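Report on the following structure.
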Amino acid sequence: SLDLWRLLYALLKQIHGGKWTESDAIDNQIRFVKSALWYHGYGRPELYRLPSDGSAGSRELLLAFSWLLHRLALLEQLLARNRVKTGDETSVCTCEDDLPNSQKGTTEIAPEYGLEDRVDVRYLQWLSGRLRFQWRSLHAQHQEQCKLLHKIHLFTSGCHMDQILGHFSVTETDLIRQPENYKQLFQLLESETMQLEAFLEWKQLEAVYWQWMETVLDDMAEEGNMYESQDVHVEKSGLPKATSCCPWADSLTGQIDRLSRDLMTLRDQLHELVTHRKAAWCEKMKTREEELRKEWFSATARKTQESVELKLLDLAYLCAQKKKIMHGSCRLVFRSKHPASKTGFGRSVSKEPVSAVSATEVIRELQMRGASLERELKQLQEECRQRLDEIAEGLDGVICISP
């Protein structure tokens, strides 16, 4: 089980872009693995009940590892992150950022490690301001990086052998300035080749692994049914019968029987009372619903009309998005307004690759997505404001002043 905890820790650390070392304490590793699995939507409670010393739970960890392989495409993500990048790339994504179905409805089970105390609102405001400042700093650094990339691509235009690219990347420019780094790049490429070969070998044996996991799941299901039957048998066994060696057991059993009969009578009376109260409450609620339906019909119709108008405004964007969704990393290629090279090589770099993505097209998609999110935000703010007004009306002796 310790080896499986360390394996999951190393793999999940790489997925989340963090650094990991074998010297980390095992309880910290287990805490991180549980938090990461909870973040990805793994809702099996038996895993989160495992001890923090790593002394048990090998089969639960094997099941969690298999879930990661199937649900998150774990190996493919690791290969993509460890890929040797010789060109200048950027990530492009215009997909909907919806919550996966596996994460819906999993909030009923609280993780083992969470915030137990209530957090002050002022501290959350401070964190929000700090996050906003760091986001602006990151955006400024990204703009500076884009300017430097533009200079490199512009100054090396026409020097590349590939006419589609036409210019060097940062890695290629550094290798030209420092040729001794070729050996290190060659070692990285060899390591990536070994990983790809191992991945191909895994794909050939993957069917055998999943057949084995089916047997593991069957064994776990049988054990769970056995435990449930044992619990039912214990509940049905009831009290042991009185023996002749315990003369006081008869009187005790008689008292317990009388208490049981009294409790059954009380339960029947409570059931009748609850049924009567429930019928009266349902009748009262029906009357109140009729009144509310007459009062809020116009308001509900207005909200429905606004929602329909919002969906209609987003319909064109959603349809266009389904036709062409851009996601993944793309190599940055400089496109000059004058495609003919002026460096003496006489090559043209205006030829577009097969799966080229224009920056203006991405900007247009992101602007449409931003406008849609702004409209949705305004609608939610209006709903929250109306809800707060309704709550404020029910407070006696309180004056609420809107900002």
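The values are calculated or read from the model by the stated rules, or taken from the named source; none is laboratory data. Please read these numbers as outputs of a predicted model, since none were measured by experiment. All Cβ positions, even for glycine, are placed from backbone atoms using ideal geometry, and neighbour counts span all protein chains on display. The protein model used for the area step is the full one, side chains on, heavy atoms only, and it has no ligands, DNA or RNA in it. Shrake-Rupley method; radii C 1.70, N 1.55, O 1.52, S 1.80 Å.
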Which numbered condition trips up Gln386, out of (1) part of a helix (DSSP H, G or I); (2) open to solvent by 100 Å² or more (accessible area, probe 1.4 Å); (3) not aromatic (Phe, Trp, Tyr)? (2)
Take the conditions farther than 30 Å from Glu383 by Cα, within 35 Å of the chain's Cα centre (by Cα), at pLDDT 70 or above and among the acidic types (Asp, Glu) and apply them to Asp268. Does it pass? no
What are the pairs, 6+ residues apart or on separate chains, where a residue within the stretch 39-60 that is not assigned by the TED database to the domain that holds Ala25 has its Cβ under 7 Å from a residue that is surrounded by 13 or more Cβ atoms within 10 Å (Cβ to Cβ)? none
Tally up the residues in the stretch 169-213 that are of a type in the set (Ser, Thr, Tyr) and open to solvent by 60 Å² or more (accessible area, probe 1.4 Å), please. 2
Looking only at the stretch 127-137, filter to residues that are open to solvent by 100 Å² or more (accessible area, probe 1.4 Å) and of a type in the set (A, V, I, L, M, F, W, C); which one of those is nearest to Leu332 (Cα to Cα)? Trp135
